[in-house]
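S.K.: One structure, as structure tokens, below. Some questions next.
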Amino acid sequence: MTIDYNELKKGGFLRQRQKDNFIVRFRSLAGNLTSEQLRQLADLADKYGKGYVHVTTRQGAEIPWVGINDYNDMKGEIKALGLNTGTCGPRIRTVVACPGREICQFGLMNSRETAIELDGTFFGREVPMKTKIAVSGCPNSCAKPQENDIGLVGAVEPILCAEKCAGCGLCQKVCPHQAISMVDGKPTIDRAKCLLEGNCISSCPTDAWQEGRRGYLLYAGGKIGRKPRLGQVVAEFVPENQVTESVEKVLKAFDVLSQQGERIADTIARVGVKAFRDEVAWTGIESKLYDGPVNSRTGSSTGDLGKEVG
Ligand code: SF4
Ligand code: SF4
């Protein structure tokens, strides 16, 4: 049997160390597999593998020990079941996500919904080098967006309406980052310490802390591997309905600036984050761009954070 390994890789069949055996990679949709899909995977592992499934770090499942002679049968069965296989090589990988606002008490953004939309648009697209995308619903960053080529982190901007403040000091107590201090009976915020989690907003008994912008911090240039790097913020508070367009623009900039063999992290390291940001055609995106002083914890600019409104 003649084997086209590239074609196999594209379809989620990876060569195993052992000759004539393959690992078959399946993917979840933004981290979820239905109970029915789990049963189907278990049956496939019994039939074609060795009765176990390896859970991957990118929310997928792999069945190892598939014999080359079973390739056609298994491929047909996977197709009939409607299971999604993963991909490899210079392509956009499955978009991963935390549970997000749908069920997580800390969620600021609906990360799974966003990830599903991104996955539908970008999964499998050929790009200069492998590109990973992750979405988290809040700054806790459970999906590790900063370790991905493109990452999204839900965030909310606290704005103080000073005349509503009763001076109780609760916001100071609930901020885990000591970003708020009471001065002359009123809260002031240290913008460099705020992680944009919104504890002050949700806990204020008089609604003095109000919600400013809510959206995603958009990171670019993270990666793990031999030379890990954390992504850097290239846009702030991207609204949910402009995430796909923003990611498209980042990918376009990568396409223009990249040199052979570079991932986004390498390109940014070579040209600098400012040049990369400048290459992105932000026209039409509502988000405030990264142009202010750097927040030492999030890497985000602080813009008008904490400004007072009348
Ligand atoms: S990143 Fe935030 S929203 Fe997502 S699971 Fe973690 S705590 Fe919840
Ligand atoms: S929790 Fe609200 S009322 Fe209390 S000090 Fe903070 S802003 Fe003022």
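Just so you know, all these numbers are worked out from the coordinates, no wet-lab data involved. Since the model is a prediction, treat every value here as computed from it, not as a measurement. Note that each Cβ is placed from the backbone with ideal geometry, even for glycine, and that neighbours are counted across all protein chains shown.
S.K.: Which stretch or stretches of the range 230-247 have amide N atoms under 13 Å from the point lying 7 Å from residue 210's Cα along the Cα→Cβ direction?
M.R.: Output list for this probe position: empty.
S.K.: Just want the ordering: 202, 141, from fewest to most Cβ atoms lying within 10 Å of their own Cβ.
M.R.: Ranking 202, 141 by Cβ neighbours within 10 Å, fewest first, gives 202, 141.
S.K.: Computed on alpha carbon atoms, what radius of gyration and Dmax characterise the chain, expressed in Å?
M.R.: 22.4, 80
S.K.: May I pose another question? Given R₀ = 51 Å, FRET efficiency for residue 188-residue 42 by Cβ-Cβ distance, to 0.05?
M.R.: E between residue 188 and residue 42, to the nearest 0.05, is 0.35.
S.K.: Under a crude label model (7 Å from the Cα following the beta-carbon direction), how far is residue 73 from residue 125 in nanometres?
M.R.: Spacing of the two 7 Å Cα→Cβ label points: 3.9 nm.
S.K.: Counting other C-beta atoms within 10 Å, which of 68, 103 has the fewest, and how do the rest follow?
M.R.: 103, 68
S.K.: log₁₀ I(q)/I(0) of the range 6-91 at q = 0.11, 0.20, 0.25 Å⁻¹, via Debye over equal Cα point scatterers, no solvent, to two decimals?
M.R.: With one equal scatterer per Cα and no solvent, log10 I(q)/I(0) is -0.25, -0.89, -1.45.
S.K.: By residue number, which cysteines of the chain lack any other Cys whose Cβ falls under 4.7 Å from their Cβ?
M.R.: Taking the Cβ cut-off of 4.7 Å, the unpaired cysteines of the chain are 88, 104, 138, 161, 165, 168, 175, 194, 204.
S.K.: May I pose another question? Report the gain in length on full extension from residue 4 to residue 35: 0.36 nm times residue separation, minus Cα-Cα distance, nm rounded to one decimal.
M.R.: Additional length available on full extension: 7.9 nm.
S.K.: Quick check: pseudo-label points 7 Å beyond the Cα along Cα→Cβ at residue 278 and residue 18, how many nm apart are they?
M.R.: Placing both labels 7 Å along Cα→Cβ, they lie 5.6 nm apart.
S.K.: Whole number please: convex hull volume per residue of the Cα set in the range 76-138, in Å³?
M.R.: Hull volume normalised by residue count: 92 Å³.
S.K.: Based on alpha-carbon centroids, what's the gap between the range 71-96 and the range 114-141 in Å, whole number please?
M.R.: Using only Cα atoms to place each centre, the spacing works out to 17 Å.
S.K.: As a footprinting exposure proxy, order 191, 112, 226 by other Cβ within 10 Å, with the fewest listed first.
M.R.: If I rank by nearby Cβ atoms, fewest first, I get 226, 191, 112.
S.K.: Now a separate question. Under 5 Å between amide hydrogens, which residues at least 5 positions from residue 212 or on another chain qualify, with H placed 1.01 Å from N in the peptide plane?
M.R.: 157, 159
S.K.: Another question, if that's okay. Under the 0.36 nm per residue contour assumption, what length would be gained going from the current alpha-carbon distance of residue 103 and residue 202 to full extension?
M.R.: Result for the pair: 33.9 nm of gain on full extension.
S.K.: Nearest 0.05, what FRET efficiency do residue 174 and residue 259 give at R0 = 41 Å with Cβ-Cβ as r?
M.R.: With R0 = 41 Å, the Cβ-Cβ based efficiency is 0.30.
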